[in-house]
Amino acid sequence: MILKAESISKKYYRPTKNASHFEAVKSLDFSLEEGKVTEITGRSGSGKSTLLYMLAGLLKPSSGKVFLDGKDLYSLTDEELSRLRNEKIGVIPQGQTGLFALTVLENVLAPAAIYGETSSLESRAKELLSLVGIADLADSKMTELSGGEMRRMAIARALILDPEIIFADEPTDDLDDENTKNVLELLQKTARSGKSVLLVTHEASAEQYADKIYRMDAGSLLK
């Protein structure tokens, strides 16, 4: 077990006639294991992404704790947490993300540039771009990419530092059937190499690549 959450929840202040808080994620325990793809499905607004970002160290829970390799993520300083995320966590966010002043290759290498040297990782970056099918776009700017191509760039970027855990939030949005299959196979292969993959998705075909499947419903996590 590489990551464990204990009694985490997330509430937002949103005054209404009946309540003053909205509970996006109700108190739950959760864990990720090495070598497995864990999938969370559910309708939009059910709390899937909120849970993912709490587990990834990007959104502080209202209550509870998240442990990565025994370290309580939210007890760390900002600098300590930033370094830990950079070294051990890869995130594929929703939407079309990237630094528009950089080329596709430079975007993939961006996580390595934060604390280290990028030149030694250029060959790995190009290999990842090839695996997601956009090797020919390495020197292109983000403005030249389609939504699906941006999504595949983000997948390569998340994998560049060979993180222990990959958090994938709807990684196949904007992708056709062939590229969806390629991405899901890549995430499964990554898990089989000893990593942990948390996959949040609406994609029905993703179930065949998952070792564990959960469903979110109104903030509750169900098996």
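The values are calculated or read from the model by the stated rules, or taken from the named source; none is laboratory data. Given the structure is predicted, the values throughout are model-derived calculations rather than measurements. Please note: Cβ atoms are built from the backbone with ideal geometry, for glycine as well, and neighbour counts cover all protein chains shown. The area values use the complete protein model at the heavy-atom level, side chains included, leaving out ligands, DNA and RNA. Shrake-Rupley method; radii C 1.70, N 1.55, O 1.52, S 1.80 Å.
Could you check region 194-223 and list, in sequence order, the residues that are of a type outside the set (Lys, Arg) and without any contact (Cβ under 8 Å) to a residue 60 or more places away in the chain?
Of everything in region 194-223, those that are of a type outside the set (Lys, Arg) and without any contact (Cβ under 8 Å) to a residue 60 or more places away in the chain turn out to be Glu203, Ala204, Ser205, Gln208, Leu222.
Residues in region 13-33: is at least one at pLDDT below 95, among the hydroxyl-bearing types (Ser, Thr, Tyr), over 22 Å from Thr190 (Cα atoms) and under 19 Å from the mean Cα position of the chain (by Cα)?
no
Any chance you could count how many residues in region 22-63 are touching a strand residue (DSSP E or B) at 6+ places or on another chain (Cβ under 7 Å), among the hydroxyl-bearing types (Ser, Thr, Tyr) and under 19 Å from Pro93 (Cα atoms)?
Number satisfying all stated conditions: 5.
Within region 190-223, which residues are in a helix (DSSP H, G or I) and either crowded, with 23+ Cβ neighbours inside 10 Å or not basic (Lys, Arg) (or both)?
Within region 190-223, Thr190, Ala191, Ala204, Ser205, Ala206, Glu207, Gln208, Tyr209 meet the criteria.
What are the residue pairs meeting all of these: first residue in region 126-143, first residue part of a helix (DSSP H, G or I), second residue open to solvent by 70 Å² or more (accessible area, probe 1.4 Å), Cβ atoms under 6 Å, and 6 or more apart or on different chains?
From region 126-143, the pairs are Met142/Phe100.
Scan region 49-73 for residues that are closer than 10 Å to Ala24 by Cβ, open to solvent by 10 Å² or more (accessible area, probe 1.4 Å) and not in a loop (DSSP other than H, G, I, E, B) and jot them down.
The answer is Ser49, Thr50.
Given the structure, is Leu28 outside any strand (DSSP E or B) and in contact (Cβ under 8 Å) with a residue 24 or more places away in the chain?
Spelling it out, it is not the case that Leu28 is outside any strand (DSSP E or B) and in contact (Cβ under 8 Å) with a residue 24 or more places away in the chain.
I need a count of the residues in region 169-189 that are of a type in the set (S, T, N, Q) and open to solvent by 20 Å² or more (accessible area, probe 1.4 Å).
The total comes to 3.
Just wondering, is there one or more residues in region 8-23 that are within 22 Å of Ala154 (Cα to Cα), open to solvent by 70 Å² or more (accessible area, probe 1.4 Å) and either among the hydroxyl-bearing types (Ser, Thr, Tyr) or in contact (Cβ under 8 Å) with a residue 60 or more places away in the chain (or both)?
no
If Ser9 meets every condition in (1) of a type in the set (Gly, Ala, Ser); (2) under 16 Å from Phe167 (Cα atoms); (3) assigned to a strand (DSSP E or B) apart from one, which number is that one?
Against the list (1) of a type in the set (Gly, Ala, Ser); (2) under 16 Å from Phe167 (Cα atoms); (3) assigned to a strand (DSSP E or B), Ser9 comes up short only on (2).
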